[in-house]
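Participant: Attaching a single structure in structure tokens format; questions to follow.
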Amino acid sequence: MTTNIVNRKVEAHENITTPAGTFKCCKISEDVKSKMGFVNVQLHNVTWIVKDIGTIRRESYNKKGKLSSTSELIKIVR
């Protein structure tokens, strides 16, 4: 399996609200190209990250631009 992550860039600084609260995040986008045997997969990911916490929200889009999956922080336990 081969995975290449290209075109990674900081898009913006945004406030994101999830069930865990509201956070000032760094929005990062990237293109992912994976190949496993004869199967090729292309995705576009958008991730919102907070220093000292990590990923707050992530969205993945297929090669046609349709949202295919999301994940978000729902609780912080200290």
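Participant: Can you put Thr2, Thr18, Thr47 in order, fewest other beta carbons within 10 Å first?
Facilitator: Thr2, Thr18, Thr47
Participant: Ranked highest first by the average count of other Cβ atoms within 10 Å around their residues, in what order do 21-30, 4-13 fall?
Facilitator: In decreasing order of mean packing, 21-30, 4-13 become 21-30, 4-13.
Participant: Separate question: Place the peptides 54-60, 38-44 in order of packing, highest mean first, counting for every residue the other Cβ atoms within 10 Å and averaging per peptide.
Facilitator: 54-60, 38-44
Participant: So, one more: Within the chain, how many Lys pairs that are eight or more residues apart, or on different chains, come under 23 Å at the alpha-carbon?
Facilitator: Count of close lysine pairs: 22.
Participant: Just need the Rg to Rh number for the chain, please, alpha carbons only, Kirkwood Rh.
Facilitator: 1.04
The numbers here are math on the coordinates, done by the rules we state, and not lab data. Treat the numbers as computed from the prediction; the structure is a model and nothing was measured. Cβ: placed from backbone, ideal geometry, glycine included. Neighbour counts: every protein chain shown.
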